[in-house]
Structures are given as C-alpha cells and as structure tokens.
Amino acid sequence: MPETILVIEDERMTRTNLLGFLRSEGYESLGAANGKEGIQLAQRHLPDLIICDILMPELDGYDVLMTLQKNPQTASIPFIFLTVAADEDGFRHGLSLGADDYLSKPVTSKQLGAAITAQLKKKLKNSDLPLPVTSSADWVPHQ
C-alpha cells in the first residue's frame with residue numbers, strides 16, 4: 001500500500017501542483033487549504049508524512065505543528081515545512097518545534113522527492129527500533 005502524504009497549503013495552485021507531483025510519484029495524497037483543515041485531516045487519516053506551508057491565515061504552520069505534536073497519534077508523523085519564508089531564524093524555529101525538514105519555495109521535484117524519501121526512510125527505520133521501557137518494573141539496572 002503506498003504511503004499517504006498530507007499537503008497543507010493555502011495557495012490553491014501550489015497545493016494542486018504538489019498533490020499532482022505526489023500522485024505521479026506513486027503516493028496517496030491529501031490536500032488541505034488551511035491549518036485547521038490540515039489538523040483535522042491529519043487526525044482523521046494519520047498520514048505517513050505531512051508537508052506544510054508556514055504562512056497561512058488562521059493557523060500558521062508553526063501552530064499546526066505544535067497542535068499535532070500535542071496529540072500522541074500525530075506527534076510522530078514526519079513533518080516538512082515548505083515555505084517562501086525561508087530565513088535562518090524561521091528554519092531554526094521550525095526545527096526547534098519538532099519539524100523534520102524545512103524546504104524553501106520554489107522547490108524542485110528532485111529536492112522535494114529527496115526530502116520525502118529521507119523522511120519516510122527515517123520513519124521506517126525508527127519503527128523497527130525496539131520499544132522503550134514503559135515502566136520501572138521493566139527496567140533492570142546494569143551490574
């Protein structure tokens with residue numbers, strides 16, 4: 001089953017282009033026109049990856065990421081910012097909130113494809129890790 005990628009982008013043409021690219025690459029894709037709709041779709045569909053603009057009305061991309069980070073079901077979904085607001089402060093702020101990558105518009109299909117592949121591989125690798133100790137009763141001190 002192909003991975004599902006959610007695109008949260010308020011500019012219709014950009015969203016349409018991104019969704020078309022994702023479909024041409026074999027991904028299932030979902031599109032949201034704003035942050036509020038994006039959060040709802042993320043919680044309903046639990047996509048494998050989220051690509052999100054930062055500068056949007058109502059809820060900006062930072063608010064979307066912070067909201068999703070608070071929900072255990074969506075907190076581990078890889079999150080890529082894709083924005084024209086690409087300065088070093090914004091980049092650092094996005095990563096400090098938990099974003100996994102940060103791409104500047106305009107982005108080439110090669111750049112976007114590489115970022116998506118890297119995040120999906122990282123997610124797959126992390127899903128193969130052993131589960132962490134869940135209680136102190138499970139923990140045995142090293143002797």
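No lab work stands behind these numbers, since they all come straight from the coordinates. Bear in mind that the values here come from a model prediction, so they are computed numbers and not experimental data. FYI the Cβ positions are ideal-geometry reconstructions off the backbone, even for glycines, and counts take in every protein chain you see.
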Working only within region 27-84, note down all residues that are more than 13 Å from Asp10 (Cα to Cα), acidic (Asp, Glu) and assigned to a loop (DSSP other than H, G, I, E, B).
-> Asp48
Just name the residue that is nearest to Val64 (Cα to Cα) out of those in region 85-102 that are assigned to a helix (DSSP H, G or I) and not hydrophobic (A, V, I, L, M, F, W, C).
-> Gly94
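Residues checked against (1) among the aromatic types (Phe, Trp, Tyr); (2) closer than 20 Å to Asp60 by Cβ:
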{"site": "Val7", "(1), (2)": "no, yes"}
{"site": "Phe21", "(1), (2)": "yes, no"}
{"site": "Lys36", "(1), (2)": "no, yes"}
{"site": "Ile39", "(1), (2)": "no, yes"}
{"site": "Arg44", "(1), (2)": "no, no"}
Of the listed residues (Leu65, Leu82, Leu22, Leu30), the one being touching a His at 6+ places or on another chain (Cβ under 8 Å), under 21 Å from Lys123 (Cβ atoms) and surrounded by 18 or more Cβ atoms within 10 Å (Cβ to Cβ) is Leu30
Output yes when any residue across region 103-117 is more than 23 Å from Pro2 (Cβ to Cβ) and part of a loop (DSSP other than H, G, I, E, B), and no when none is.
-> yes
Residue list for region 1-52, filter: free of Cβ contacts under 8 Å to residues at least 40 places away in the same chain and charged (D, E, K, R) | Arg12, Arg15, Arg23, Glu28, Lys36, Glu37, Arg44
